[in-house]
Amino acid sequence: MLSPKLFVSIASYLPAAVLISVAFAGMSIDSLVKTDLLTNLKEKAFTIDTVIGAAFYLISVAVSVSYSKILYLIRNKNLNFDQQGKFLLIIQVFFLFTSNMIYKPTKRTYYILKTIAYMHFSLVLTLLLALNFGLTFVMGLLAFPMTFIECESGNKTKQRLILLISNPFVAIFCATSIVEDKWNWKIFNIMNSSWENLGCWTWPIVCCSWLTSWILLVIASSYTPKKEVKEKKE
């Protein structure tokens, strides 16, 4: 795109990624409004819900950063590349379907977690726009199903399916397998080894941005709206 003979202006491709970033920012603002924190920010800013949201955010970042160590531990179990890739995907599916046993958020905490998740991802995409357009655009497209998370509908199966296809490792595995026309189980080891040996930032960016937001949304999806019981009038 920067070749003198085949130069493509940044204005012709950058808006596409900007729109995706803005979409996540819009979803964050929408969730923030629904938290009802803006009505009385001084009194509601430091409640148990906001503290829980901040705590889960820090935990999600810590877990995401540790994924390089997880792959290192898997390699020490004498598993081949294919088995390591399968094991990593199994971890994602296991966490997705057992997260409701960890914590069930209240309605306000649910929206706070969504606010943090979407804003975190939007800020990362915005920062990456000028540095690596390709990575930003692909991440935004593959993660876009996360914007359809809405537990108010009560359809847990639909929410888990959306979260499954928007998981960074599942999405990257499916995308690369389709492009290469074969099961690409080695992609995670390639990404991690590129970071460790060549200093390629794709692995830490995917983990610390996309995975962090995904973990927050998985925890938020454990929210179950209370059904209103209508009294029958005689």
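Select from the range 34-53 the residues that are assigned to a helix (DSSP H, G or I), surrounded by 14 or more Cβ atoms within 10 Å (Cβ to Cβ) and out of contact with any Leu (no Cβ under 6 Å at 6 or more places or on another chain) and write down the one among them that is modelled with the highest pLDDT. Taking the candidates together, the pick is 52. Of the residues making up the range 114-129, not a single one is surrounded by 13 or more Cβ atoms within 10 Å (Cβ to Cβ), over 29 Å from residue 15 (Cβ atoms) and at pLDDT 85 or above.
Just checking, does the range 100-121 include any residue being charged (D, E, K, R), in a helix (DSSP H, G or I) and within 26 Å of residue 177 (Cβ to Cβ)? No - not one qualifying residue is present in the range 100-121. I need the full set of residues from the range 54-104 which are under 21 Å from residue 172 (Cβ atoms), of a type in the set (S, T, N, Q) and loosely packed, with under 14 Cβ neighbours inside 10 Å, in order please. Hits for the range 54-104 are 66, 80, 83.
So which residues in the range 74-118 are touching a residue at least 12 places away in the same chain (Cβ under 8 Å) and closer than 15 Å to residue 63 by Cβ, if there are any at all? Residues satisfying the conditions are 88, 91, 92, 95, 96, 99, 102, 103, 113, 116, 117. Filtered by the rule that a residue be over 16 Å from the mean Cα position of the chain (by Cα) and β-branched (Val, Ile, Thr), the range 156-201 gives 157, 176, 178, 179, 187, 190. For the residues 206, 218, the requirement of being surrounded by 14 or more Cβ atoms within 10 Å (Cβ to Cβ), more than 20 Å from residue 131 (Cα to Cα) and touching a residue at least 24 places away in the same chain (Cβ under 8 Å) singles out 218. The residue that is nearest to residue 216 (Cα to Cα), counting only those in the range 131-145 that are of a type in the set (Gly, Ala, Ser) and surrounded by 15 or more Cβ atoms within 10 Å (Cβ to Cβ), is 143.
The values are calculated or read from the model by the stated rules, or taken from the named source; none is laboratory data. Please read all numbers here as calculations on a predicted model, not as lab measurements. Here the Cβ is made from the backbone with ideal geometry for all residues, glycine too, and neighbour counts use every protein chain on show.
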